[in-house]
Amino acid sequence: MKLKEERLEGELLGEISLLAENKRLREEILQLKKEKEDLHRILDNEKGPLLLIGEDFKVISANKAFYETFKVVEEEFRGISLAESGSGRWNIPELPGLLDALKKGKEPVNNFEVTHHFKSIGTRTLCLDAKLLPENSEGKNLIFLKVEDITENAQTQTELRESIHRYNEFIHSSPSFIAILTGRDLIVEVVNDAMLDNWGKGRDVVGKPLIKEVLPEMAEQGMEEIFHQVYDTGEPYHAHEMPLIHHRDGEPHLGYFDFVYQPQRDLQGQIVGVAVIANEVTAQAELHKQLREDERKFRQMADLIPDKISNGDPNSYIFYYNKSWLDFSGYSQEELKILGWQKLVHPQDIKKLEELYVVAIRKGTGFEAEIRFLNKKRKYKWHLVRAVQVKDEEGNLKSWLCASTEIHKFKQEEKRKEDFLKLVSHELKTPVTSIKGYVQLLIRMMDSTEGISIDSLPLRSSLNRIDSQVSRLTRLISEMLDLSRVEEGRLDLQNEIFDINDIVLECVQDVKYSNPNAKIEVHQQAQFRILGDKDRLGQVIINLVTNAIKYSPENKKIEVHVLRNSQGEGLVCVKDQGIGIDKKDHHNIFKRFFRVSGNNEETYSGFGIGLYLAREIIQRHNGSINVKSEPGVGSEFIIKLPVIE
Ligand code: ADP
């Protein structure tokens, strides 16, 4: 019995201890479960994806971040070999190698980058840290894998690398000279091959101060100041065709450069250096220099020419006027450019000029025209204008070159000649008509009164009239002949020594004969002899006295004086109280064909060559002829002649 009880007691105790053991085990299990949950919580709390893998590469566990990052579910991973996990999506070719190496080397692997295409999230770049954990209770190693998705970083880095590459490519492949200089000492930080070539230096200049060591010759050319100015003020500096001397192999080389010095700033905006971007433009600068020289030569030449030269653009805007233009117009170059050529052209000539211009443009030719331009005295003067188109090699109009020659005098001469021809016909016709009239009258009278005695005809008076008209005709013709003789330099003088008073008296007598009503007084205040052509001098005196009569419509007294002046010269003066001559014409009346305008042709017949011939004749006698005259008061013509003592 006792035995049975003991056995029962023993069994009971056994039961109890089993229960206690069960409880302990349960508690341990609970503890383990809690620890596992805590571990999971810790892992899940970790932001980056984590993975725990067994030696057989089967996934033991992964944290929440892993599932979320790669958009996968736990069932596809847990207990499944990594290569097959996630329906094969994690079959990353680089991984087995990595894990093997880890197993063998036992050393942790850090920052292992791998790019893989995941169906769920596309191509990603991962950074893996793998670590072998100490053997577990089963004596097996576990692998702890920390996965970081660095796709964004990788992209940024790629972009950065690309950008740096592009920047380097740009700088080094650029045909422009590029350098980046840091600090106020201008340390060469970046320099491209083109710039090195230009400097005649090697890569070893990098890191050296530009002016102090690399290009000391730049200092004396004032470039250091410019660099410092850019560095200190932050204002870029631009240069165009600047001549600079670089020493290559000890030899100075002159080149021309277009360049910019650009301040370089850091992210905070502080100036940290200066970038240089330059281009050599020596050929172009030399061409420009040559062009400028040519231009200067052209302008100098144009200024030498008495003609007016101008240069205009294809739109007929004139951008250059030579000196002759400035002298003529009284304006400066700038004033003329602003004023425009149109203001200088006579309003009546503008249209003509515009029409010619349009035709010339259409035909691609130049043009020629007679145009009046305004001078500084506000008077229009006739010019012959010649304009040509300056074209480039392709035949495009580049500019207009225009030369204008003043032809005002020529035009006036032309006009005087025309007037002269009209006058000649008129002057010749009048005496001829008159002669014809008298002759016809006499014939008619003889015919109608048959048997009449000759004496009863008005023969004397008619013949006198005819004679006077013939004399007039003869004078006109001889004046014209003399004119052509003078023009051809054939006016010969038959010189002899004679008393001036004799010839003066003779001439006055002649004039009086054909002008019986004229009141002419001769005052012989001196007596002298001269060497000359009697007839020619007589012709001059007759002309002066005849003019005095002709231009004294009121038939006032005419005086002829023979005298000597204080210099001992012999003078013959013809003085009238006629219509007089305006001061402005005193000079003109001695010109060919000049007649004071307003002279009524009917009242004062003449050619305008008498005084011209008179002056020629007197000058040939080494003398001079002048006039003193006042309109409405009268005129005095004074002949001065050398005297034979
Ligand atoms: P013309 O044949 O016209 O008289 P001249 O050469 O002798 O030519 O004179 C030129 C011009 O000078 C004349 O047309 C006239 O206008 C002016 N003239 C000449 N003499 C006198 C004078 N004594 N009084 C006023 N005008 C004169």
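Taking amide H as placed 1.01 Å from N in the peptide plane, the amide H of LEU142 sits under 5 Å from that of LEU133, ASN136, each at least 5 places away or on another chain.
For trypsin sites (Lys or Arg not before Pro), the sites in the stretch 353-429 that DSSP calls loop and that have at most 15 other Cβ atoms within 10 Å are LYS376, LYS377, ARG378, LYS379. Taking θ as phi - 60° and the Karplus parameters 6.51, -1.76 and 1.60, the scalar couplings of the stretch 265-274 work out to 10, 8, 4, 8, x, 7, 6, 10, x, 9 Hz in sequence order, x denoting glycine and proline. Farthest toward the positive end of the dipole of the chain, out of HIS426, ALA130, ILE80, is the Cα of HIS426, where the dipole comes from beta carbon charges about the Cα centre.
What shape does the stretch 246-293 have by the C-alpha gyration tensor, where a ≥ b ≥ c are the square roots of the eigenvalues, rounded means a/c under 1.5, and otherwise prolate means a/b greater than b/c and oblate the rest?
Judged from the Cα gyration tensor, the stretch 246-293 comes out oblate (a/c at least 1.5, b/c at or above a/b).
Computed log10 I(q)/I(0) for the stretch 444-579 at 0.09, 0.11, 0.21 Å⁻¹: -0.39, -0.55, -1.31, from the Debye equation with unit scatterers placed on every C-alpha and solvent omitted.
Helices meeting the span-like rule in the chain (full DSSP H runs, Cα extent of at least 27 Å along the helix axis, mean Kyte-Doolittle score of -1.0 or higher): 2-45, 408-448, 459-487. Across all directions, the shadow cast by the convex hull of the stretch 501-555 built on its C-alpha atoms averages 3.9 square nanometres. Distance distribution P(r), the stretch 346-491, all Cα-Cα pairs, bin width 10 angstrom from 0: 9, 20, 17, 15, 13, 10, 8, 5, 2, 0 percent.
With each label modelled as a point 7 angstrom along the Cα→C-beta vector, the TYR167-ASP303 pair spans 5.4 nm. Expressed per residue, the C-alpha convex hull volume of the stretch 28-150 stands at 103 Å³. Computed log10 I(q)/I(0) for the chain at 0.07, 0.08 Å⁻¹: -0.84, -0.93, from the Debye equation with unit scatterers placed on every C-alpha and solvent omitted. On the beta carbon distance between GLU334 and LYS409, with R0 = 35 Å, the FRET formula returns roughly 0.70. Across the options ILE542, HIS172, ILE271, the greatest Cα extent toward the positive end of the charge dipole of the chain (unit charges at beta carbon of Lys, Arg, Asp, Glu) belongs to ILE542. Here the ratio of the Cα radius of gyration of the stretch 174-286 to 2.2 N^0.38 Å is 1.00. Size estimate for the stretch 432-502 follows the Kirkwood approach: the inverse of mean 1/r over distinct Cα pairs works out to 15.6 Å. With the convex hull of its Cα atoms as the shape, the stretch 492-641 has an orientation-averaged projected area of 8.6 nm². Between LYS363 and ILE16, the contour length at 0.36 nm per residue exceeds the alpha carbon distance by 111.8 nm.
No lab work stands behind these numbers, since they all come straight from the coordinates. These numbers come from a predicted model, not from an experiment. FYI the Cβ positions are ideal-geometry reconstructions off the backbone, even for glycines, and counts take in every protein chain you see.
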